[in-house]
1. Sort out which residues of segment 310-361 are part of a loop (DSSP other than H, G, I, E, B), modelled with pLDDT under 90 and more than 23 Å from the chain's Cα centre (by Cα), and write them in order of number.
2. From the list Arg253, Arg215, which residue is crowded, with 19+ Cβ neighbours inside 10 Å and among the charged types (D, E, K, R)?
3. Just one of Leu148, Leu137 is assigned to a helix (DSSP H, G or I) and assigned by TED's automatic domain parsing to the domain that holds Gln212; which is it?
4. Is at least one residue of segment 117-126 closer than 15 Å to Ala71 by Cα, in contact with a Pro (Cβ under 8 Å, 6 or more places away or on another chain) and modelled with pLDDT of 90 or more?
5. Among the residues that make up segment 195-208, is at least one of them surrounded by fewer than 18 Cβ atoms within 10 Å (Cβ to Cβ), assigned by TED's automatic domain parsing to the domain that holds Pro72, more than 23 Å from Thr88 (Cα to Cα) and among the charged types (D, E, K, R)?
6. Looking at Leu222, Leu264, Leu183, can you tell me which residue is part of a helix (DSSP H, G or I) and assigned by TED's automatic domain parsing to the domain that holds Leu75?
7. Quick check on segment 291-308. Is at least one of its residues at pLDDT 90 or above, surrounded by fewer than 16 Cβ atoms within 10 Å (Cβ to Cβ), over 20 Å from Glu42 (Cα atoms) and more than 25 Å from the chain's Cα centre (by Cα)?
8. Yes or no: Ile109 farther than 22 Å from Leu169 by Cβ and crowded, with 21+ Cβ neighbours inside 10 Å?
Amino acid sequence: MARDHDLASGSHAFAAGNVVGRNLADDAAASAGADALSDVLEAVRLTGALFFLVDAHEPWIAEAPDAATLAPVILPRAQHIVSYHLITEGTCWCHMDGLAPVRLDAGDIVVVPHGDAYQLSSHAGRSSTGLSLPQILEWFQMMASGRLPFVVQEGGDLPRRVQVVCGFLGCDALPFNPVLSTLPRLLPLRRAVTMGRDRLATLIDFAVGEAQGQRAGRRSILLRLSELMFVEVVRRYLTTVPEAQRGWLAGLRDPLVGRALARLHAEPGRAWSIEELAREVASSRTVLTERFTHLVGEPPMHYLTRWRIHLAATLLTANGAKVSAIARQVGYDSDAAFSRAFKKQTGMAPAAWRHRPASPR
């Protein structure tokens, strides 16, 4: 990508290089999904870390290291880094160990949810940038600190061109991140077929216009735009989840399970029973339990426990409230019961979680 001030020219990293739908099932499910998805995205605390545009000509190659290596460089307090790339012009390929290369065309998006190392390049065959890991990390650090321009010029002198919007976000992955848990290692999303202007295109235009100006607060605006783009990407994926696929997002789209998730997220501290939840979503307990477990992967009450513990973990690190107060807030009448449940899910007592290092990985 951008030329480093002292890296050898002709080879860079993503630091880069020089070879270098379908509608929701019904309106009720759509409303339920919106609420529960908002809850999760707020609770996992998305934070923009990097956002830039790559303008490359063939041949070119760019790579990103795994999230555990990258996070301390670009967002030291983040538990985890998720990246996504939107192809706005041209064609490129994404490579990840253990997977076949994925071709990406204009309008396509690729998401790397679980922090794997990967490459983007102008060709289907994988090769090396020729850079060491310290050089790659130095490039990322310079970009994160604002010492490199928003538009990164890369590649060779052939006429074929590609433009890629690149976003890297910090988020909480522990103790429970329902969105990440349901996504594959590499998630390509094909160009959306819409009747009007695509929302992502509007956000990209806004970002490029903001980057080309010199207004105060530009970097903060761009990072917030990167978060909005990722949310829109997740919403697009939600509308395209195959019928046969399971996972939290598939459950969110299902009319019955979506309503159940919405109720649990609306009142996580309520003394729920499976009978009461079934009544509120107009189902029998057997049908609800079977459908919820089939799609989400665990029964409703098990899911509620994990969500409560995630909320408690967030509260423990976000404020100085007493453990007993947090226990009551997430639905536990007994401090001892809360501590047992918390330790079972996280491996730590609540007090130990509160004082753990800022970014366990």
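The values are calculated or read from the model by the stated rules, or taken from the named source; none is laboratory data. All of these numbers come straight from a predicted model, not from anything done at the bench. Note that each Cβ is placed from the backbone with ideal geometry, even for glycine, and that neighbours are counted across all protein chains shown.
1. Result: Asn319, Gly320, Ala321, His355, Arg356.
2. Arg253 is the lone residue from the list that is crowded, with 19+ Cβ neighbours inside 10 Å and among the charged types (D, E, K, R).
3. Numbers: Leu148 fails: assigned to a helix (DSSP H, G or I).
Going through Leu148, Leu137 in turn, just one is assigned to a helix (DSSP H, G or I) and assigned by TED's automatic domain parsing to the domain that holds Gln212: Leu137.
4. For segment 117-126, residues closer than 15 Å to Ala71 by Cα, in contact with a Pro (Cβ under 8 Å, 6 or more places away or on another chain) and modelled with pLDDT of 90 or more: present.
5. No.
6. Leu222
7. Among the residues of segment 291-308, at least one is at pLDDT 90 or above, surrounded by fewer than 16 Cβ atoms within 10 Å (Cβ to Cβ), over 20 Å from Glu42 (Cα atoms) and more than 25 Å from the chain's Cα centre (by Cα), which makes the answer yes.
8. For Ile109, the condition - farther than 22 Å from Leu169 by Cβ and crowded, with 21+ Cβ neighbours inside 10 Å - is not met.
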